[in-house]
1. How large are Rg and Dmax for the range 162-263 when only the alpha carbon atoms are used, in Å?
2. Taking every eigenvalue of the Cα gyration tensor of the chain, multiplying by 5 and rooting it, what semi-axes result, largest first, whole Å?
3. Please report, in debye to the nearest 20, how large the charge dipole of the chain is about its Cα centre when each Lys and Arg carries +1 at its beta carbon and each Asp and Glu carries -1 there.
4. How many percent of the accessible area of the chain is carbon or sulfur, using a 1.4 Å probe?
5. Taking R0 as 30 Å, what FRET efficiency do you get between LEU166 and VAL253 from their Cβ-Cβ distance, rounded to the nearest 0.05?
6. Write down the accessible area per residue of the chain in Å², having rolled a 1.4 Å probe over the full set of protein chains.
7. Just the accessible area for ARG349, please: 1.4 Å probe, Å², rounded to the nearest 10?
8. Can you tell me the length gained on complete extension of the stretch LEU25 to SER212, counting 0.36 nm per residue apart and subtracting the Cα distance?
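The values are calculated or read from the model by the stated rules, or taken from the named source; none is laboratory data. The structure presented is a predicted model; accordingly, all values stated were derived computationally and were not measured. Here the Cβ positions follow ideal geometry from the backbone for every residue, glycine too, while neighbour counts run over all protein chains shown. What goes into the accessible areas is simple: the full protein's heavy atoms, side chains included, and nothing from ligands, DNA or RNA. Shrake-Rupley method; radii C 1.70, N 1.55, O 1.52, S 1.80 Å.
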Amino acid sequence: MSDRLLGALTRRRASLLLLAVVLCLPPFYLDAFWLRIGLFSLAAAIGATGLALLSGTAGQLSLGHAFFLAVGAYGYAWLAGEPGPGLPPALAALLAVLLAGAAGGLFSPVAARVKGIYLGIATLALVFLGHHVLLTADSVTGGFNGRSVPPLTLGGFTFAESDPELTVLGVPFGAEERLWFLGLALFAFTWFTARGLLRGRPGRALAALRDSETAAAVMGVDVARHRSAAFVVSSMYAGLAGVLLALAFRRVVPDYFSLALSVDYLAMIVIGGLGSVAGATAGAVFVTALPLLMARYADQLPLVTAPGSAEGAVGPTEAARYLYGAAIVLVLLYAPDGLHGLARRVRGRVRRRRSRTPAPDTALPPSSQPAAAARPKEHTP
């Protein structure tokens, strides 16, 4: 048993190492458009992981995820820019994440006492309130036109187009190439911390809360404290995603952080699988990449027109929403545990088929069975 466990761990580590190598290759082979899709998907995966912890594991419905994304994005833009304190960008990014967590902490007393659809309506108010503040606080947010985002600098290295130009293995590294590795590092941090939370005592406590608050309280789980903590952690993940989005967009505007963005994040975790980090990642890639791909190839798709076409036509963004809306319906009907659960069931079936298949050296053809196995019929006198 120990040898099998050791072999499984070795294969898992080798798979992770191979995946890390593969994820480091796109900047050397793909152009800026595909790298932007990857960056937006990485940022969405970070935010979706936080929402998966809150809604999938803890069972708390939230429609205000866009608000905390906006806190992280605008917090970094203001703290690191002018007008603003002009802090070092790395410190500004850290403080922006903490600011999003503080905003979640201020709302956590409501999250500790309200649940279900009532909590969803309460978080919905955050989106409308935040959008109003973003439009009216011109000195901080820049108003309707938004504000530019200062590039991130770490140890003298700038994640943007800068002089002198950086060339790696003959490939010029611009802003997208540099931000790609930053996004990978942030996503890896999110992945391992979230999986650690889910596999530890906090994850088991949150799962118990989702199944039955009464049973969790009987087992000694502090219901209010854990529900508040889940909201704060989810808000910090959303703030980190907002920082990465701001760096990728290079400009933040209020209209992006609307109710539609919160609905997109709910679609990500439903399609990918509630309570699963891998599922949230898969759903984030699907929901984020689909409209961008449809916008690029709109002239080659039936019933879809390019952006800015005649009124009444179906644009790529609307078509993408129709498609992943249909995907949500199909998931709820045929795969309630999402893409992650579907992949897990497929792997289980493949393993069972392999275990049922006899090894070639042990399987004996009918003609080679021992003679004693077939007993001849005795003739009666």
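1. Both quantities, over Cα of the range 162-263: 19.5, 62 Å.
2. On the way: eigenvalues 402, 152, 104 Å².
Each semi-axis is √(5λ); the values are 45, 28, 23 Å.
3. Working: 31 positive and 20 negative charges, 442 e Å.
Value, rounded to 20: 2120 debye.
4. Working: 13970 of 21000 Å².
Solvent-exposed carbon and sulfur of the chain make up 67 percent of the total.
5. Numbers: r = 29 Å, r/R0 = 0.97.
Once rounded, the FRET efficiency stands at 0.55.
6. Details: 21000 Å² over 381 residues.
Normalised by residue count, the accessible surface of the chain is 55 Å².
7. 140
8. Working: separation 187, 0.36 × 187 = 67.32 nm, distance 4.51 nm.
Between LEU25 and SER212, full extension yields 62.8 nm more.
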